[in-house]
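Colleague: One structure coming up, written as structure tokens, with questions to follow.
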Amino acid sequence: MKESDFGRQVKTVLDQAPVSARAQARLAAARQQAVARAAQLQRRPALVNRLAGASHWFSEQWHAHPAAWSTGVAFALLLAVGGAWQLQVRTIEAERTAVDVQMLADEVPLDTFVDTRFEKWSNTPATERD
């Protein structure tokens, strides 16, 4: 027997089974709520429906596996902090390299390379220089 045939037989049996007045009232109320909810969802933009679905999924997953998600969030924060630090280090290195390139490209008196004050000045960030 195919699955679709079995489904039709179950539907037929359930349609013929007697249902109490209380159960009919509860089913009617559930149908009305479902129709009202469907109408409400159709009025919302599609993007809002997708975001609501994603939010619901995320909430379910977070509560089902809090340790895994907490670890993931901690790892993401660690990556963000590490990336910001790395960006800062590379920016400082780029500033120092720029000074070296300027010195090599320009005609600078030889006294400049021997002067200890210049070494201090070249090692300070550009924002702190005079």
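We did not get these values from a lab; they are worked out from the coordinates using the rules stated. All values derive from a computational prediction rather than experimental measurement. Reconstructed Cβ throughout: ideal geometry from the backbone, glycine too, with neighbour counts over all protein chains shown.
Colleague: For residue 69, indicate whether it is free of Cβ contacts under 8 Å to residues at least 24 places away in the same chain and closer than 30 Å to residue 37 by Cα.
Modeller: No: the conditions fail for residue 69.
Colleague: Let me ask you something else. Restricting to the stretch 1-22, and then to whatever is among the hydroxyl-bearing types (Ser, Thr, Tyr) and part of a helix (DSSP H, G or I), can you tell me which residue is surrounded by the fewest Cβ atoms within 10 Å (Cβ to Cβ)?
Modeller: Applying the filter and picking the extreme gives 4.
Colleague: List pairs: first in the stretch 91-107 and closer than 16 Å to residue 120 by Cα, second of a type outside the set (Val, Ile, Thr), Cβ under 6 Å, 6+ apart or cross-chain?
Modeller: Between residues of the stretch 91-107 that are closer than 16 Å to residue 120 by Cα and residues that are of a type outside the set (Val, Ile, Thr), the close pairs are 95/126; 99/122.
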